[in-house]
Amino acid sequence: MRLTVYLAGEIHTNWRDEIKEKAAALQLPIDFVGPMEDHDRSDNIGEEILGEQPNAIFKDAAASNFNNLRTEILMQKSDLVIALFGEKYKQWNTAMDASAAVALGKPLILVRQEEHHHALKELSRKAHATVESVDQVIQALQYIFE
């Protein structure tokens, strides 16, 4: 059995690489997908496809259409979603992706630090599991294959 796992969350740290490296070291049969990690490409994709937009609001709307398209297709094809709420950055996209996973009926592992417990309590209750670290994610992934 091979799984496809969507890695939702902030794109400013290397947490995805850490999960991928640890899963590969354990030879877990997983294909990882996720959002566009090139921030400039994500912000500019609407204009790359549709041409220059009249202002920043239209530019953001155009980019959002293509980013949402990409996310929905990849998430629907995924067997599991892992959504990481990082320490530093605002996490609106993470919350949106985790909520989309719940709405799509996708199994969800939520990664959040203890200090974010209260802010994410409802979302944590919708997730199949809530953990605090990448190592705990790896343990959960290992357990799936036992």
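General remarks:
- Checklist (1) within 17 Å of TRP15 (Cβ to Cβ); (2) in a helix (DSSP H, G or I) applied to GLU122, failing item: (1)
- Residue within segment 80-88 that is in a helix (DSSP H, G or I) and modelled with pLDDT of 95 or more present: no
- GLN113 vs. criteria open to solvent by 80 Å² or more (accessible area, probe 1.4 Å) and closer than 24 Å to ALA23 by Cβ: no
- Considering segment 88-101, and only residues there that are within 15 Å of the chain's Cα centre (by Cα) and open to solvent by 50 Å² or more (accessible area, probe 1.4 Å), the residue that is nearest to ARG2 (Cα to Cα) turns out to be SER99.
- Checked against the criterion of being free of Cβ contacts under 8 Å to residues at least 40 places away in the same chain and not hydroxyl-bearing (Ser, Thr, Tyr), the candidates LEU141, LEU74, LEU84, LEU123 yield just one match: LEU123.
- Qualifying positions in segment 5-33 - over 17 Å from GLU132 (Cβ atoms), touching a Lys or Arg at 6+ places or on another chain (Cβ under 6 Å) and open to solvent by less than 30 Å² (accessible area, probe 1.4 Å): none
- Residues of segment 125-138 that are touching a strand residue (DSSP E or B) at 6+ places or on another chain (Cβ under 8 Å) and either assigned to a helix (DSSP H, G or I) or buried (at least 17 other Cβ atoms within 10 Å of the Cβ) (or both): LYS126, ALA127, THR130, VAL131, VAL134, GLN136, VAL137.
- Sole residue being touching a strand residue (DSSP E or B) at 6+ places or on another chain (Cβ under 7 Å), loosely packed, with under 14 Cβ neighbours inside 10 Å and within 25 Å of GLN142 (Cβ to Cβ), chosen from LYS77, LYS106: LYS77
- Residue-level check: of (1) open to solvent by 50 Å² or more (accessible area, probe 1.4 Å); (2) within 11 Å of the chain's Cα centre (by Cα), PHE85 misses just (1).
- Matching residues, segment 34-48, being within 21 Å of VAL111 (Cα to Cα), buried (at least 16 other Cβ atoms within 10 Å of the Cβ) and either among the polar types (S, T, N, Q) or at pLDDT below 95 (or both): PRO35, MET36
The values are calculated or read from the model by the stated rules, or taken from the named source; none is laboratory data. Computed from a prediction, not measured in an experiment: that's the story for all the values here. Neighbour counts are summed over all protein chains in view; Cβ atoms, including those assigned to glycine, are modelled from backbone coordinates with ideal geometry. Please note that ligands, DNA and RNA were not included when accessible areas were found on the heavy atoms of the full protein model with its side chains. Shrake-Rupley method; radii C 1.70, N 1.55, O 1.52, S 1.80 Å.
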